[in-house]
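What follows is a short report on a single structure.
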Amino acid sequence: MAVQKTITHCTICEMICGLVVTSEDDRVVSVLPDKKNPYTWRDYCIKGAHSGDVRDHTHRIRQPMRRVGDHYEPATYDEAIADISTRLKAIRDVHGVNAIASYSGNPAGSTFSIQNYMNALIDAIGSTTRFSVGSVDQNAVLVAAKAMFGSEGTMLLPDLDDCDYYLLFGSNPAISRMCWMGKTPNGWKRMLARMPQAKLTIVDPRRTESADKASRHVAILPEQDWAFMLGMLKVIFSEGLDRLGRHDLVANVDVLKDLALSVDLGDMSARCRVSVNEIEEVAREFATARTAVAIARTGPAQGRNGTLAEWLSLVLNLVTDRIDTPGGRFLPNWPISLSRLGRPSAKLPVVKSRVRGLPQVGGGFSLAELPDEITTPGKGQVRALFIASGNPVSAGPDGAAIDAALAELDLLVSIDMFQRESHRHAHWLIPGTHMLEREEIHVKMHSMNDRPFIQTSRRAVPVPEGIIPEWEFLLRLADAMDVKLFGGHVATPDELAESFLKSTGVVTVEQIRAAEHGLEFGERTLGHLWREFEEIGEKLDACPAAFAEMLRQRLAEPLVRGDAQAYPFQLISRRRKGMMNAWLSDTVAMLSEADSTNVVEIHSTDAANCGLTDGQPVTIRSENGALDLVLRVTDRCRRGVALFEHGWGGRVSDPASGTVTWSEGKMRNLLIGADELDPLTGVPRLNGMPVAIEAR
Ligand SMILES: Nc1nc2c(c(=O)[nH]1)N[C@H]1C(S)=C(S)[C@@H](COP(=O)(O)OP(=O)(O)OC[C@H]3O[C@@H](n4cnc5c(=O)[nH]c(N)nc54)[C@H](O)[C@@H]3O)O[C@H]1N2
Ligand SMILES: Nc1nc2c(c(=O)[nH]1)N[C@H]1C(S)=C(S)[C@@H](COP(=O)(O)OP(=O)(O)OC[C@H]3O[C@@H](n4cnc5c(=O)[nH]c(N)nc54)[C@H](O)[C@@H]3O)O[C@H]1N2
Ligand code: SF4
Ligand SMILES: [Mo]
């Protein structure tokens with residue numbers, strides 16, 4: 001028996017924790033944290049521990065599958081590439097290049113080869129029709145960074161270990177870990193270790209697992225973080241608690257200050273349903289702490305006011321001198337600065353969508369636009385779509401509309417290890433590789449580390465016979481279409497990584513490969529953001545005009561939602577330890593948690609007022625749809641919100657037999673409308689969607 005130990009890293013979430021994988025006869029036996037990984041080893045979780053389940057799952061797709069009528073038949077890669085390229089050429093000739101589109105999901109982002117090669121194919125074809133998972137995730141960060149700092153890539157990380165006051169808006173790191181557009185391995189425990197001398201304030205409509213450990217929990221109304229933050233700014237400015245560090249490099253502070261001073265604290269309190277007293281206390285605690293960070297995460301970002309929350313959270317750091325200072329938020333600039341790389345592209349014209357005319361963010365259109373772009377006739381109407389490691393029907397708004405639109409395509413190609421909900425109508429199912437089968441250096445992910453560290457993943461088990469890596473499939477497809485990926489300058493992911501790394505002159509592929517447990521290269525230093533501004537001779541914009549305009553619109557809105565009578569609740573979500581978005585739900589990691597997938601939780605007073613009781617069958621209804629669920633009465637959710645989880649209700653099929661092998665729970669996003677979006681990010685109301693709950 002061939003027992004082998006491989007040192008690699010996980011890519012299930014952004015944390016990319018170091019792993020030691022034991023395999024025997026090419027099967028995964030155990031996955032443990034790599035305790036010699038100097039950077040990530042303490043941050044390891046059940047998802048990574050059970051990652052082998054996915055690799056050896058019985059329903060994994062192990063060869064290309066072609067749709068023939070209402071079933072699938074196995075095919076070779078040559079057949080797949082010949083058929084797909086022929087169809088793509090025909091679509092391109094009749095409908096134009098923009099009729100060929102892609103959607104890359106979350107796992108594509110944490111896999112260097114998949115996302116880069118998928119994007120490269122769409123680029124090489126000449127299409128600009130990419131849909132982005134960021135539109136149901138982090139677009140607010142990109143939009144705020146571009147408007148304030150000049151580049152979408154300018155993401156500021158918290159200096160956790162020197163911070164005395166953590167102010168977290170809409171994040172539950174006890175479950176989700178501290179990973180979102182930046183990496184602070186073991187971040188949750190690092191914060192807890194600094195308490196009680198440090199304070200942690202969690203702003204969340206639900207008293208979460210993280211709030212249980214916090215020094216303060218602020219039970220805010222969904223989508224109203226901006227009002228809380230603006231109230232804080234009013235207090236900070238009017239009490240003279242502001243301390244702007246680099247006056248010389250910041251523009252429009254006066255406009256911002258006037259705006260903040262003009263609001264009424266009582267009005268802000270009424271909008272976010274947090275008392276004036278609590279807003280004042282948090283503002284003073286935050287502003288007077290020795291060091292502090294304010295961070296907004298997916299809670300507000302996945303709603304209609306995400307940009308405002310992201311902007312104002314950055315402003316809170318800015319006006320109290322917590323940017324690029326110890327214990328504040330800083331710009332990592334290793335091994336390549338996304339910030340600098342993004343700057344030239346920020347000057348290029350922004351691509352707008354055909355039907356709604358919305359701008360691309362992070363190089364992609366909003367998922368909310370996908371159905372219209374497929375079903376609305378005209379030049380550039382999407383006729384072919386690649387879904388690379390994604391499940392847009394489960395992840396996006398109005399899943400039913402996305403599903404119906406996907407059924408109308410002339411060509412749908414899914415590149416995934418499984419056939420899930422979004423792949424039901426696929427003409428071709430192209431197998432994906434598993435992370436433990438890949439060897440690559442994810443330059444971009446590592447550039448978001450909070451310390452200079454980079455690592456290669458290593459192949460712990462072989463790619464099963466019959467499967468070729470996603471990038472190789474895309475490269476061969478490009479050849480068949482007579483187009484060149486990356487202008488023909490690079491072929492393999494290693495060459496691509498090398499081309500990125502070359503520009504830094506800091507580390508080489510060889511050095512990274514040679515470092516068994518990952519490579520630490522140098523000390524972390526602060527001050528890169530201001531230095532960048534000095535170098536390019538520009539200023540940070542504290543109050544971008546479009547943001548101020550949106551803020552004024554929100555301030556002019558009535559205090560109570562117009563639809564509050566018909567839809568008294570606003571929907572929020574939660575994550576589970578063993579699940580990753582809408583996947584891993586059918587693996588061992590989830591077995592102990594797989595109960596109660598159809599439960600909606602509301603506050604006991606709300607339940608009593610509606611005449612509803614715990615355990616009662618109810619219908620939850622939005623303007624977009626209705627689902628039958630069971631009520632759970634709780635005091636964890638604040639009044640006026642309903643908690644129902646994302647990630648359930650999708651089906652996994654075995655294309656060989658045509659049977660559905662797994663489905664559990666109801667699909668939450670059927671309730672989410674695709675019309676009302678944050679106008680600056682294209683993000684739908686995944687959090688905050690108005691709903692009604694009634695007995696059935
Ligand atoms: N209501 C609501 N909606 C949400 C959210 C929410 O909190 N609430 N969360 C949002 C967020 S934060 C995100 S990031 C998005 C996620 O949106 P998506 O990325 O579209 O959805 P996932 O469920 O993560 O699906 C990932 C797919 O990738 C496949 N996959 C996993 N690993 C690999 C691999 O190594 N190779 C290949 N080829 N395929 C792989 C899986 O089998 C799965 O089908 O959903 C968003 N949608
Ligand atoms: N186990 C596990 N870990 C994960 C994932 C997973 O699915 N499972 N997903 C990964 C991914 S893709 C991502 S993007 C990250 C996300 O990581 P986080 O950003 O930490 O996301 P959540 O844990 O969903 O926490 C969001 C919180 O926001 C609250 N909330 C909802 N609406 C609002 C609002 O309007 N305002 C405020 N202030 N709060 C609100 C919710 O109640 C919830 O507690 O987690 C990653 N880690
Ligand atoms: S899923 Fe778990 S083990 Fe994998 S990178 Fe994320 S935190 Fe680490
Ligand atoms: Mo995400």
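Since Ala90 meets every condition but one in (1) of a type in the set (A, V, I, L, M, F, W, C); (2) touching a helix residue (DSSP H, G or I) at 6+ places or on another chain (Cβ under 9 Å); (3) outside any strand (DSSP E or B), which condition does it not meet?
(2)
Rundown of residues vs (1) more than 30 Å from Leu385 (Cα to Cα); (2) out of contact with any Leu (no Cβ under 6 Å at 6 or more places or on another chain); (3) within 16 Å of ligand 3 (Cβ to nearest atom), yes/no style:
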residue: Ser110; (1), (2), (3): no, yes, yes
residue: Ala124; (1), (2), (3): no, no, no
residue: Ser127; (1), (2), (3): no, yes, no
residue: Gly134; (1), (2), (3): no, yes, no
residue: Leu142; (1), (2), (3): no, yes, no
residue: Ala145; (1), (2), (3): no, yes, no
residue: Leu157; (1), (2), (3): yes, yes, no
residue: Gly182; (1), (2), (3): no, no, yes
residue: Gln197; (1), (2), (3): yes, yes, no
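Filtering the stretch 103-159 down to residues that are farther than 27 Å from Thr325 by Cβ and in a loop (DSSP other than H, G, I, E, B), which residue is farthest from ligand 1 (Cβ to nearest atom)?
Within the stretch 103-159, the subset farther than 27 Å from Thr325 by Cβ is 103-137, 139.
Next, from what is left, pick out any that are in a loop (DSSP other than H, G, I, E, B): 105, 110-111, 126-129, 137.
Working: Gly105: 3, Ser110: 8, Thr111: 6, Gly126: 24, Ser127: 20, Thr128: 20, Thr129: 17, Asp137: 4 Å.
Restricting to residues being farther than 27 Å from Thr325 by Cβ and in a loop (DSSP other than H, G, I, E, B), the top hit is Gly126.
Take Val507 and decide whether it is crowded, with 23+ Cβ neighbours inside 10 Å, under 23 Å from Leu156 (Cα atoms), touching a helix residue (DSSP H, G or I) at 6+ places or on another chain (Cβ under 8 Å) and modelled with pLDDT under 95.
no
Identify all residues within the stretch 160-185 that are within 14 Å of ligand 2 (Cβ to nearest atom) and in a loop (DSSP other than H, G, I, E, B); write none if there are none.
Initially, the stretch 160-185 is screened for residues within 14 Å of ligand 2 (Cβ to nearest atom), giving 166-185.
Within the stretch 160-185, Gly170, Ser171, Asn172, Arg177, Met178, Trp180, Met181, Gly182, Thr184, Pro185 meet the criteria.
If you check Gly327 against the conditions, is it modelled with pLDDT of 95 or more, away from ligand 4 (no atom under 16 Å from the Cβ), in contact with a Cys (Cβ under 8 Å, 6 or more places away or on another chain) and part of a loop (DSSP other than H, G, I, E, B)? Break it down into steps so the answer makes sense when it comes.
Numbers: modelled with pLDDT of 95 or more: yes; away from ligand 4 (no atom under 16 Å from the Cβ): yes; in contact with a Cys (Cβ under 8 Å, 6 or more places away or on another chain): yes; part of a loop (DSSP other than H, G, I, E, B): yes.
It is true that Gly327 is modelled with pLDDT of 95 or more, away from ligand 4 (no atom under 16 Å from the Cβ), in contact with a Cys (Cβ under 8 Å, 6 or more places away or on another chain) and part of a loop (DSSP other than H, G, I, E, B).
Of all helices (runs of 4 or more DSSP H) completely enclosed by the stretch 523-616, which ones contain at least 1 residues that are buried (at least 17 other Cβ atoms within 10 Å of the Cβ) and away from ligand 1 (no atom under 16 Å from the Cβ)?
Ranges flagged: 528-536, 545-556, 604-610.
Among Arg304, Arg243, which is the only one that is more than 16 Å from ligand 4 (Cβ to nearest atom) and over 27 Å from Met191 (Cα atoms)?
Numbers: Arg243 fails: over 27 Å from Met191 (Cα atoms).
The conditions single out Arg304.
Output yes when any residue across the stretch 316-334 is over 21 Å from the mean Cα position of the chain (by Cα) and within 16 Å of ligand 2 (Cβ to nearest atom), and no when none is.
Within the stretch 316-334 (the criterion being over 21 Å from the mean Cα position of the chain (by Cα) and within 16 Å of ligand 2 (Cβ to nearest atom)), the answer is yes, since at least one residue qualifies.
Among all residue pairs at least 6 apart or on different chains, which show Cβ distances below 7 Å where the first residue, located in the stretch 4-28, is on the phi > 0 side of the Ramachandran plot and the second is within 16 Å of ligand 4 (Cβ to nearest atom)?
Pairs found: Ile16/Cys10; Ile16/Ser110; Ile16/Met445.
Yes/no per residue for (1) part of a loop (DSSP other than H, G, I, E, B); (2) among the aromatic types (Phe, Trp, Tyr):
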{"residue": "Val461", "(1), (2)": "yes, no"}
{"residue": "Ile467", "(1), (2)": "yes, no"}
{"residue": "Phe473", "(1), (2)": "no, yes"}
{"residue": "Ala478", "(1), (2)": "no, no"}
{"residue": "Asp482", "(1), (2)": "yes, no"}
{"residue": "Phe500", "(1), (2)": "no, yes"}
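Is it true that some residue in the stretch 223-237 is in contact with a strand residue (DSSP E or B) (Cβ under 6 Å, 6 or more places away or on another chain) and crowded, with 24+ Cβ neighbours inside 10 Å?
yes
If you go through the stretch 541-562 one residue at a time, do you hit one that is at pLDDT below 95, within 16 Å of ligand 4 (Cβ to nearest atom) and aliphatic (A, V, I, L, M)?
no
For the stretch 113-150, give me the residue count where each residue is small (Gly, Ala, Ser) and within 16 Å of ligand 2 (Cβ to nearest atom). Let's see the steps before the verdict.
Taking the stretch 113-150 and keeping what is small (Gly, Ala, Ser), we get 113, 120, 124, 126-127, 132, 134-135, 140, 144-145, 147, 150.
With within 16 Å of ligand 2 (Cβ to nearest atom) added as a condition, the list becomes 132, 134-135, 140, 144.
Counting residues in the stretch 113-150 that are small (Gly, Ala, Ser) and within 16 Å of ligand 2 (Cβ to nearest atom) gives 5.
Among the residues of the stretch 651-661, is any within 12 Å of ligand 1 (Cβ to nearest atom), in contact with a Ser or Thr (Cβ under 6 Å, 6 or more places away or on another chain) and either under 23 Å from Pro568 (Cβ atoms) or among the hydrophobic types (A, V, I, L, M, F, W, C) (or both)?
yes
Report, ordered by the first and then the second residue, all pairs with beta carbons closer than 6 Å, sequence separation of six or more or different chains, a first member in the stretch 513-529 that is more than 27 Å from Pro493 (Cβ to Cβ), and a second member that is of a type in the set (A, V, I, L, M, F, W, C) and part of a loop (DSSP other than H, G, I, E, B).
Pairs found: His528/Leu331; Leu529/Leu331.
The values are calculated or read from the model by the stated rules, or taken from the named source; none is laboratory data. It should be emphasised that the depicted structure is a prediction, and the values quoted were computed from it without experimental measurement. Methodologically, a virtual Cβ is constructed for each residue, glycine included, from the backbone with ideal geometry; neighbour enumeration extends over all protein chains shown.
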